[in-house]
2 protein chains.
Amino acid sequence: MGGGVDVPRSSSYPMVEVPAAVDIVLSQAERVLEGEHVELEEVADRVLFEDVLAQGDVPPFRASIKDGYAVVQAEGPGIYDVSGEVTAGRQSHTAVGNGKVVYVTTGAPVPDEADAVVQVEWTKPAEEPGKIEIITGAPKVGHDIRPVGTDVKKGQTILSAREEVHMAEVGLLATCNVRNVPVYKNARVAVLSTGDELVEAGGELGFGKIVDSNRPMLLAAVGSVGGIPVDLGIATDEEQAVTSAFMEAMLKSDVLITSGGVSMGNKDFIKPLLARYGTVHFGRVMMKPGKPLTFATIEPNAFSEGVPSSRKLVIGLPGNPVSCFVCFHLVVSPLIRKLSGFRSPHNPRVMVRTKMELKLDPERPEYHRALVSWDVGQRALTAVTTGIQASSRLLSARSANGLLVLPRADRTLPVGEEVEAILIGQIL
Amino acid sequence: MGGGVDVPRSSSYPMVEVPAAVDIVLSQAERVLEGEHVELEEVADRVLFEDVLAQGDVPPFRASIKDGYAVVQAEGPGIYDVSGEVTAGRQSHTAVGNGKVVYVTTGAPVPDEADAVVQVEWTKPAEEPGKIEIITGAPKVGHDIRPVGTDVKKGQTILSAREEVHMAEVGLLATCNVRNVPVYKNARVAVLSTGDELVEAGGELGFGKIVDSNRPMLLAAVGSVGGIPVDLGIATDEEQAVTSAFMEAMLKSDVLITSGGVSMGNKDFIKPLLARYGTVHFGRVMMKPGKPLTFATIEPNAFSEGVPSSRKLVIGLPGNPVSCFVCFHLVVSPLIRKLSGFRSPHNPRVMVRTKMELKLDPERPEYHRALVSWDVGQRALTAVTTGIQASSRLLSARSANGLLVLPRADRTLPVGEEVEAILIGQIL
Ligand SMILES: [Mg+2]
Ligand SMILES: [Mg+2]
């Protein structure tokens, strides 16, 4: 035994295809999600937990659309006495009709006896003090008045459960006088790096050591899709260290993401420990990069009865940074977004025209990092590669806003071919 | 005078086209931007202030690409003595060559005397204890070894000034052992609502009052494009209230965004006060919605010599919430992004096929809120309208991820026409 002879030589995990892997992960996320209330100032980028109904009509009164004069429309053009004014938010008027009008500003309540507004541009001061001349009359009753409830009717569903809240929706919530907003709780996502070779960024590198880039990268990524990042640090390649980190994750998170420790080396403890304490749903995925990608669930009392906990989802990412990057976008991001209530947790997919030849991989579908942009000349979305796609070479992920889904095949894709791209950032 | 007779009847500001307006705003943002250093954990979504050079080679040592055996390639297949092991991060080996190999794990330093790695799958334990059989030898010298500096060379520019930092770039910074990252300071953006009719969300609505939806909406929007939102509250329609708010903005922000008070009503003080204390660069824009959009600059000592200040950029948005929404995306968002260092501050533009008829406006180009998605059948980006486009109707901005740039014309655009869309959110 030992001495590097009787080491693992093949994986016992069957290879699953990427779409199946994503389905398995998302199906395990089908638990009852929790809601909470947050203040209007905190609600951006969250997902609504309940429908939001309008508490009142918008506008709540007949509002003038223009700066102008509230009139009785039938009285038409002519000389009028300006009997008073109503500015937005300040009520005061005298009388409208029988030769009288009232000056109104945009958004001001139109006096009850008026049935139209004539904008100032259609009028001029008359010779006589205190009077104006209406040159062009209001063309019809109701002109330049927004009736009560024009924009929103009281009781109307203004936003629906599962809807994402961005700028416009924040405005709509305010419009409907909602301050405490029911939203899905965001998932707490713990991030753990494993490996004796890893040191924190900013320190000295001893021989054989490298900086842990996966954890800062994944913590940033978790935040970018609305998860709450929980930093579990670096665990050494020892059973006890990895087990302790798992237990910490049970206490502090809903999801645990590990990186490293999923190969077949004799120091790769992630899969064996996940199998010991939980259920490994898959341990190999037909993809390049990312083949050793692993997914497991751990039940609440796996470690000890006394620890308050709930069911945890664990994703074991490979140690190579590019594998981490690709697997994050394909699997982790949809999981976090699903747990945070997003109706459609997936990244958008579009077809793009390639701007260079691409050598396909004969064994595995490849998720090729690319820059996707709108080509004005071609009037189409196009993609260029980010360069050499080695799984250790994080430079291949630099600026990438798309993953080209390249089929497994023993040939080269010519320039101008249409391929599917998963958008992982805004189009250039 | 007064009594609603001698009120403003026409704007003295010339009408400018939207592209000219955007150019004017961005040209005023051409000041020296400041940099600062932030920790790796805080750097996501920021823009680099300086080039970042690799402090060392990646990998810093010859690293094994596989779990396997470090060999002298020329010795080929056969029975070998496993003389020791080197696992990632732990140095210990005995000897390679002359019938000896060393077990290495992925990422481990390959012993100096070895010139290739044979993956474990190509080997099996031999009959004799402590020995393995190499069934398939390494095809060539260097096989499955990453040479020093393969991924990154010491001194290489790994990221450039003006580059955005997202997930991959965080990983690259860590890889290069950078903890304190030089980035552009984010712009502080003060948001002020004006209007006697406005009340805070969550309160009682008296007659003639409406909830201030613009400010929560704009504060959220500022944050979403990387600005630091500063809430200046609601100013009443009085010169003194608006002036005080301007002075507060001089102290607390780089940019001031106001909403309301830019029409021609006798309570619209924004333009006159901006003209009094600063320079109004434009006060009317040829667009629908958003015509009264105003842009001004205020010099450092406009209000008092004693107040520490710098030059401020002020954008006066119309009070209608949809005008605010559209003007934010067209003008404010590029401004904030430019101030925060973004090389390309504009939203992406693509061509989309319309899925419904669109009535064009004969007087002004319209920025029509729409849902842009990839249509699998048409293999093209397509757009549907969000519905009635009244400028008070914020529901027309709900879920919108695109603004269709509709030309000014007295006709109806048929279904299936190609129009330009400004993407303001991820494609569906
Ligand atoms: Mg490892
Ligand atoms: Mg007003």
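Read-outs: derived from the displayed coordinates by stated rules, not from any lab. Quick caveat, the model's predicted, so the values are computed rather than measured. Here Cβ is always computed from backbone atoms with ideal geometry, including for glycine, and neighbour counts include all displayed protein chains.
The ranking of A:ASP151, B:ASP112, A:ASP57 by Cβ neighbour count inside 10 Å, starting from the fewest, reads B:ASP112, A:ASP57, A:ASP151.
Charges were assigned to the Cβ only: +1 to each Lys and Arg, -1 to each Asp and Glu. The resulting dipole of region B:194-293 about its Cα centre is roughly 520 debye.
B:GLY416 label point (Cα plus 7 Å toward Cβ) to equivalent points in the other copies: 2.5 nm, shortest first. Starting from the label point of B:ASP231 at 7 Å along Cα→Cβ, the same points in the other copies fall at 2.9 nm, in ascending order. Peptide B:14-20 has a mean shielding of 0, counted as Cβ atoms of other protein chains within 10 Å of each residue's Cβ. For region B:289-363, the dipole from Cβ point charges (+1 on Lys and Arg, -1 on Asp and Glu) about the Cα centre works out to 440 debye, to the nearest 20. Working note: Cα atoms of chain A, range along each principal axis, descending, whole Å: 111, 60, 41. For a quick check of your reading of the filter: which GluC sites (Glu not before Pro) in region B:105-210 sit in a DSSP loop and have no more than 10 other Cβ atoms within 10 Å? For GluC sites (Glu not before Pro) across region B:105-210 that sit outside H, G, I, E and B with at most 10 neighbouring Cβ atoms in 10 Å, the list reads B:GLU127, B:GLU204.
Charge tally for B:ARG349 (other residues, Cβ to Cβ under 14 Å; Lys, Arg +1; Asp, Glu -1): -2. Determine the relative contact order of chain B: mean sequence separation of Cα pairs under 8 Å and six or more apart, normalised by residue count, in whole percent. RCO, chain B: 15 percent. Using only Cα coordinates, the Kirkwood hydrodynamic radius of region A:63-146 works out to 12.0 Å. Of B:ILE79, A:ILE422, B:ILE145, B:ILE336, the sequence from fewest to most neighbouring Cβ atoms within 10 angstrom is B:ILE79, A:ILE422, B:ILE145, B:ILE336. Using a Gaussian network model of chain B whose springs link C-alpha atoms within less than 10 Å, name the residue from B:SER27, B:SER12, B:SER259 with the highest mean-square fluctuation. Between B:SER27, B:SER12, B:SER259, it is B:SER12 that shows the largest mean-square fluctuation.
Label-to-label distance, A:ASP231 versus A:ASP6, with points set 7 angstrom from Cα along the beta-carbon direction: 4.2 nm. Here the calculated FRET efficiency for B:LYS359 and B:ARG379, from their Cβ-Cβ distance with R0 = 35 Å, stands at 0.80, rounded to the nearest 0.05. In this assembly of identical copies, the label point of A:GLU36 (Cα plus 7 Å along Cα-to-Cβ) is separated from its counterparts by 2.6 nm, sorted shortest first. With neighbour counts taken as other beta-carbon atoms within 10 Å, the residues B:ARG398, B:ARG411 rank, fewest first, as B:ARG411, B:ARG398. Rounded to two decimals, the Cα-based Rg/Rh of region A:336-428, with Kirkwood Rh, is 1.00.
Beta bridges per DSSP, both residues in chain B: antiparallel share near 65 percent. If you wrap the Cα atoms of the protein assembly as shown in a convex hull and average its projected area over all directions, you get 39.2 nm². Between the listed residues A:LEU358, A:THR382, A:ASN401, the Cα displaced farthest toward the positive end of the dipole of region A:349-423, a dipole computed from Cβ unit charges relative to the Cα centre, is found at A:ASN401. Label separation (B:ARG90 vs A:ASN98): 10.2 nm, computed from points 7 Å beyond Cα along the C-beta direction.
What the Cβ-Cβ distance of A:MET15 and B:LYS153 gives, at R0 = 35 Å and to the nearest 0.05, is a FRET efficiency of 0.50. Round to the nearest 0.05 the FRET efficiency obtained for B:LYS252 and A:ALA390 when R0 = 56 Å and r is the Cβ-Cβ distance. Plugging the Cβ-Cβ distance into 1/(1 + (r/R0)^6) gives 0.70.
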